[in-house]
Amino acid sequence: MLKKARKERLIWLDIMITLLTLELMSYFYYGIRSVVLAGVCVCTAAIAEVISLRMMKRRFTADDLTCTSDAMILALMFPSVMDYKVAAIAVIFAVIVAKNIFGGRANMIFSPAAAAYVFVLTSWGHQLLQYTEPHVKTGVFDTPAALVNSASHTFNMTGNVDHTDFELLLGNFSGPSGAVSILLLVVAAAVLIFRRSISAGAFIGTICGVGFFACVTPMINSRAGSLKYSLVMNMVLFSAIYIVSDVRIAPKRNYYAFFYGLFIGVVSYVLVLTAAKENAIVIVSVLFTPIALGFKNLEKRIEKAASEHKESEDNDVTESVMSGKETATE
């Protein structure tokens, strides 16, 4: 039990380090407003966690600080100029409704950040999908001006991307404050997979699902361009790392996790292709919760059957040994 708790803390620490790196890049592009937004989300998450656990007569422990990583993920999915009140409401929804009501930290069925994002999308969708251009810095309490659609929206609607590969790599295009830094996301994915802090199977499955269909049914004339932009836009890479590959949600075995991620990648790409749905992968990850639960139940049955089979073999061996001793005694 102690070993498992220690592993959970190390995973949380790995996730937080990569998220803080993305937040640093967000600060570079959007200024202090982005940092304050993340701070509001993290503080709100901690307070909501303490209050909700006390209401359920549970004790708050250091392990419950994992709520702060969910808050950071949510903050990085928002525009840097997101209204603080809306952000706080979203975090409260993530902690209390999406996590604790459904069983808490030990029994999560979907990503709290993804569920809260979908909640905000249905209630404050226009505000959620309006962004400032990179290097346009808004004051902490200033009203944002000159808001634009994301580069993902433009690509989904027109098939055009007016940015160089270098700008795409560094995240110099409009979109969620922390989900556009492609180079940092690639490094984060490599580090987290190496550290086993995310599900490698789910991550690879998601990328393969999107990538395969981007080549088979390209959104633009160039298959290479379709592959590149499909992975860069619509928060695909960010979601593949921090939502779909969340070890608390994804199946434990990489074989099942791969197909779980593959299904999400394929369906999200189809939604973008047919309905131009921006950031569809976040929505699909929530809708595909039953698949993750189904794979987990299958894993439990396999483990139970293997355990019973091993126990049966051990009993047979024991009986054989005892029978041999009795024969030798006679």
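Odds and ends about this structure:
- When the solvent-accessible area of the range 26-155 is split by element, carbon and sulfur atoms take up 66 percent of it, the probe being 1.4 Å.
- Leu287, Leu185, ranked by accessible area, largest first (probe 1.4 Å): Leu287, Leu185
- Shape of the range 166-262, Cα gyration tensor, a/c cut at 1.5: oblate
- Longest DSSP-loop-exposure-free segment, trypsin sites (Lys or Arg not before Pro), the chain, at most 11 other Cβ within 10 Å: 60-330
- Fraction of accessible area attributable to carbon and sulfur, the range 172-291 (%, probe 1.4 Å): 71 percent
- Label selected from (i) 55; (ii) 34; (iii) 39, the criterion being percent of Cα pairs over 31 Å apart as computed here: (ii)
- Inter-label distance for Ser222 and Ile47, nm, one decimal - labels placed 7 Å from Cα along Cα-to-Cβ: 4.9 nm
- Rolling a 1.4 Å probe over the protein chains gives Glu303 an accessible area of about 90 Å².
- In terms of its C-alpha gyration tensor, the range 172-212 has an oblate overall shape, because the principal axis ratio a/c (a ≥ b ≥ c, square roots of the eigenvalues) is not below 1.5 and a/b does not outweigh b/c.
- Extension gain, Val148 to Val97: 0.36 nm times the residue separation minus the Cα-Cα distance gives 15.2 nm.
- Greater than 27 Å apart at Cα, pairs in Lys7/Lys137; Lys57/Lys252; Lys228/Lys277; Lys228/Lys296; Lys99/Lys296; Lys99/Lys228: Lys7/Lys137; Lys57/Lys252; Lys228/Lys296; Lys99/Lys228
- Dipole in debye (nearest 20) - the chain, about Cα centre, beta carbon charges: Lys, Arg +1; Asp, Glu -1: 520 debye
- Using θ = phi - 60° and Karplus 6.51 cos²θ - 1.76 cosθ + 1.60, couplings along the range 179-196 (whole Hz; Gly, Pro as x): 9, 10, 7, 4, 4, 5, 5, 5, 5, 4, 4, 5, 5, 5, 5, 4, 7, 6
- Accessible surface ranking that places the most exposed of Cys67, Cys208 first, with a 1.4 angstrom probe: Cys208, Cys67
- Restricting the range 109-210 to chymotrypsin sites (Phe, Trp or Tyr not before Pro) in coil, as DSSP defines it, with at most 14 other Cβ within 10 Å: Phe141
- A full extension of the chain between Ile32 and Phe212 corresponds to an added length of 60.9 nm, given 0.36 nm per residue minus the alpha carbon distance.
- Heavy atoms of the protein chains alone define the surface here; on that basis the range 11-122 has 39 Å² accessible area per residue at 1.4 Å probe size.
- Zone of Lys252's modelled label, taken as backbone nitrogen in the range 58-100 under 18 Å from a point 7 Å along Cα→Cβ: none
- Mean-square fluctuations from a GNM of the chain, with a 10 angstrom spring cutoff on Cα atoms, peak among Ser69, Ser52, Ser222 at Ser222.
- Cα centroid separation, the range 167-212 to the range 252-278 (Å): 15 Å
- Most mobile listed residue (Ile15, Ile291, Ile264) in the chain, GNM with C-alpha springs under 10 Å: Ile291
- Seen against the Cα atoms of the chain and their longest principal axis, helix 254-275 is set at about 30 degrees.
The values are calculated or read from the model by the stated rules, or taken from the named source; none is laboratory data. Fair warning: this is a prediction, and the values are worked out from it, not measured in the lab. Every residue, glycine among them, receives a Cβ derived from its backbone with ideal geometry; neighbour counts consider all protein chains shown. Each accessible area value is taken on the protein alone, full model and side chains, heavy atoms only, with ligands, DNA and RNA left out. Shrake-Rupley method; radii C 1.70, N 1.55, O 1.52, S 1.80 Å.
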